[in-house]
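Peer 1: The following block contains the structure, expressed as structure tokens.
The values are calculated or read from the model by the stated rules, or taken from the named source; none is laboratory data. Treat the numbers as computed from the prediction; the structure is a model and nothing was measured. Note: ideal-geometry Cβ built from the backbone for every residue, glycine included; neighbour counts use all protein chains shown. Ligands, DNA and RNA are excluded from the accessible area calculation, which covers all protein heavy atoms including side chains. Shrake-Rupley method; radii C 1.70, N 1.55, O 1.52, S 1.80 Å.
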Amino acid sequence: MKSGKLLLPLLLSLSLTGCAFNSVLLNYPSQLAGVRAELNSSKPGNAAKELANGINGRDGLLYAQEAGRAAQISGNFAASKDYYQSAIAAYQAFDDKAKLSLSGLGSQGGSLLLNDNIIPYRGPGYERIMLHQYQALNYLFAGDAEGALVEVRRSNELQSLEQQRYEKSSSAVQQMANGTISAEMDKLGKAAGNVTSSFLNAYSYYTTGVLHEILGERNDAFIDYRKAAQIMPDNPYLQQDLVRLAKELAMPQYDEFKRRWGEAPTPTKGQGQVILLLERGFVPAKESLTVPFTIHGNWQTVSLPTYMPSRVPVNSAHIRGLSKPMTAAPIANIDALAITALKEELPYLLVRQAARVYAKSEMARKAERKDGSDLGVIAMQIFNVVTEQADRRSWLTLPRQAQIARQFIDAGSYQLTLDNQGTEIQVQSGKTTLVWAIDTGNVTRFYTKLI
């Protein structure tokens, strides 16, 4: 009976987790599997509204991001803007919140006995950056170019601020890493390829550059294209953009750029341009790595989030139907950003895991002393196994990769085909036709804007 009394407060702590209960015992990727399947069908249905039900819960920020993206994929940019605004407000609330508040202490205290899923979700830096980028696209497709610029400027500002915040706070925590964590970080580093920072996103910089250029701010566009090219130096469309703008602006770098990448095409009279932003697939979900061990003769387990080591290459899209065929080129590997973000976070996870293991070990020892039998210890071990779940939450409706393409073309009507799916577009002299294609695997949706 004493073991039952011991389990009672533990079970009560589970019931007090409220909306977070699902993530405590049912991993987040399983909860989102149906939503991603729905978005990968020809009828996305009520995916956004279903996700919106979680916005008022403990993981409200995450659900607001997911709902905004689901609405965006479905072409409902007005609803997406509202959902994203909820996420932006949640981030701001995190920024404004004092480091030591009653709710914060309660969340952290619960996580010591249960798992990190108790902690209210605050997305990694790359998610926050992409949130503002996607909000910018909502404004752009609603016809508000100036509103879009505000958002992409915020996105670019965050790339610098998040990097500074991480570098400032990580040095002391990095010292906590042990051999297992170091090996895991090395594995994640190899899986991420040449991505060294989750805070630097060439897709965001390129989107900013396109908006600056469309609005006649070519100097600012040149700066953002250069930042994007520093991250993705092999993208041929970025290279040509830099050559073209360096020539138009009489930049001193023009001769160097031309020597490295060749002369860039420029529009002739009567031509407009087509810019393609293509997003493919879904970002991978986190997996769980569970490590069993003993402390004081009692079994304990630690569960850490991880990613599978193999990354299958994403095919570059072939575009037909314009004056000449094109092959899109990658501008950002969002999966690599996600993997790198987890690598950056692992030392922090280790600090919390160390505190949790100690707390559970002490509870097991107390149970052993008070019960006088093995029942209390067994009860504690069962509780530990049930509640020790890796925090696998992340923004799962993001794309796996973003690709770009650009071409100057005579004014007219064209049937643009991307692999085996297509859409009709209009091109006008001196204007830009922006094509945003979202390929979820089975379905590619096209959204166009003449600017």
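Peer 1: In region 280-307, how many are out of contact with any helix residue (DSSP H, G or I) (no Cβ under 8 Å at 6 or more places or on another chain), at pLDDT 75 or above and of a type outside the set (Lys, Arg)? Walk me through how you get there before you give the answer.
Peer 2: Initially, region 280-307 is screened for residues out of contact with any helix residue (DSSP H, G or I) (no Cβ under 8 Å at 6 or more places or on another chain), giving 280-281, 287-288, 290, 292-294, 297, 303.
Subset that is at pLDDT 75 or above: 280-281, 287-288, 303.
Filter once more, keeping what is of a type outside the set (Lys, Arg): 281, 287-288, 303.
Of the residues in region 280-307, 4 are out of contact with any helix residue (DSSP H, G or I) (no Cβ under 8 Å at 6 or more places or on another chain), at pLDDT 75 or above and of a type outside the set (Lys, Arg).
Peer 1: Go through region 124-156 and count every residue that is closer than 22 Å to residue 94 by Cα and of a type in the set (A, V, I, L, M).
Peer 2: Number of matching residues: 6.
Peer 1: Let me ask another. Which numbered condition in (1) in contact with a Gly (Cβ under 8 Å, 6 or more places away or on another chain); (2) open to solvent by less than 60 Å² (accessible area, probe 1.4 Å); (3) modelled with pLDDT under 95 is the only one that residue 370 fails?
Peer 2: The number of the failed condition is (2).
Peer 1: Residue 360 fails exactly one of the following numbered conditions: (1) open to solvent by 10 Å² or more (accessible area, probe 1.4 Å); (2) more than 27 Å from residue 200 (Cβ to Cβ); (3) at pLDDT below 95. What is the number of that condition?
Peer 2: All conditions pass for residue 360, except number (1).
Peer 1: While we're looking at this one, here's another question. Take region 138-147 and flag every residue that is surrounded by fewer than 24 Cβ atoms within 10 Å (Cβ to Cβ) and aliphatic (A, V, I, L, M). Step through it out loud before you land on a result.
Peer 2: Applying the first criterion (surrounded by fewer than 24 Cβ atoms within 10 Å (Cβ to Cβ)) to region 138-147 yields 139, 141-147.
Passing the criteria: 142, 145.
Peer 1: Consider region 326-348. How many of its residues are open to solvent by 10 Å² or more (accessible area, probe 1.4 Å) and within 18 Å of residue 162 (Cα to Cα)?
Peer 2: 5
Peer 1: I want to confirm something. Restricting to region 211-235 and keeping residues that are within 18 Å of residue 334 (Cβ to Cβ) and of a type outside the set (S, T, N, Q), which single residue is least open to solvent (accessible area, probe 1.4 Å)?
Peer 2: Looking at residues that are within 18 Å of residue 334 (Cβ to Cβ) and of a type outside the set (S, T, N, Q), I get 228.
Peer 1: Taking into account only those residues within region 158-183 that are surrounded by 15 or more Cβ atoms within 10 Å (Cβ to Cβ) and under 14 Å from residue 341 (Cβ atoms), which is modelled with the lowest pLDDT?
Peer 2: Within region 158-183, the match that is modelled with the lowest pLDDT is 166.
Peer 1: Working only within region 116-157, note down all residues that are among the aromatic types (Phe, Trp, Tyr), touching a Phe, Trp or Tyr at 6+ places or on another chain (Cβ under 8 Å) and closer than 20 Å to residue 435 by Cα.
Peer 2: Initial filter on region 116-157 (among the aromatic types (Phe, Trp, Tyr)): 121, 126, 134, 139, 141.
Subset that is touching a Phe, Trp or Tyr at 6+ places or on another chain (Cβ under 8 Å): 126, 134, 141.
Once the filter is applied, which keeps residues that are among the aromatic types (Phe, Trp, Tyr), touching a Phe, Trp or Tyr at 6+ places or on another chain (Cβ under 8 Å) and closer than 20 Å to residue 435 by Cα, region 116-157 yields 134, 141.
Peer 1: Suppose we filter region 236-253 for residues that are over 21 Å from residue 405 (Cβ atoms), hydrophobic (A, V, I, L, M, F, W, C) and open to solvent by less than 50 Å² (accessible area, probe 1.4 Å); how many remain?
Peer 2: 2
Residue-wise test of (1) touching a strand residue (DSSP E or B) at 6+ places or on another chain (Cβ under 8 Å); (2) under 17 Å from residue 73 (Cα atoms); (3) open to solvent by 30 Å² or more (accessible area, probe 1.4 Å).
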| position | (1), (2), (3) |
| --- | --- |
| 405 | yes, no, no |
| 408 | yes, no, yes |
| 415 | yes, no, yes |
| 424 | yes, no, yes |
| 429 | yes, no, yes |
| 440 | no, yes, no |
| 444 | yes, yes, no |
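Peer 1: Something else about it: Regarding residue 346, is this residue closer than 18 Å to residue 394 by Cβ, at pLDDT below 90, touching a helix residue (DSSP H, G or I) at 6+ places or on another chain (Cβ under 9 Å) and assigned to a helix (DSSP H, G or I)? Before you say what the answer is, go through the steps one by one.
Peer 2: Details: closer than 18 Å to residue 394 by Cβ: yes; at pLDDT below 90: yes; touching a helix residue (DSSP H, G or I) at 6+ places or on another chain (Cβ under 9 Å): yes; assigned to a helix (DSSP H, G or I): yes.
Here the answer is yes, as residue 346 does meet what is asked.
Peer 1: Okay, moving on. Could we say that residue 10 is at pLDDT below 90, surrounded by 12 or more Cβ atoms within 10 Å (Cβ to Cβ) and assigned to a helix (DSSP H, G or I) here?
Peer 2: On the way: at pLDDT below 90: yes; surrounded by 12 or more Cβ atoms within 10 Å (Cβ to Cβ): yes; assigned to a helix (DSSP H, G or I): yes.
Criteria met by residue 10.
Peer 1: Residues in region 18-55 that are buried (at least 19 other Cβ atoms within 10 Å of the Cβ) and modelled with pLDDT under 50: how many?
Peer 2: Final tally of qualifying residues: 1.
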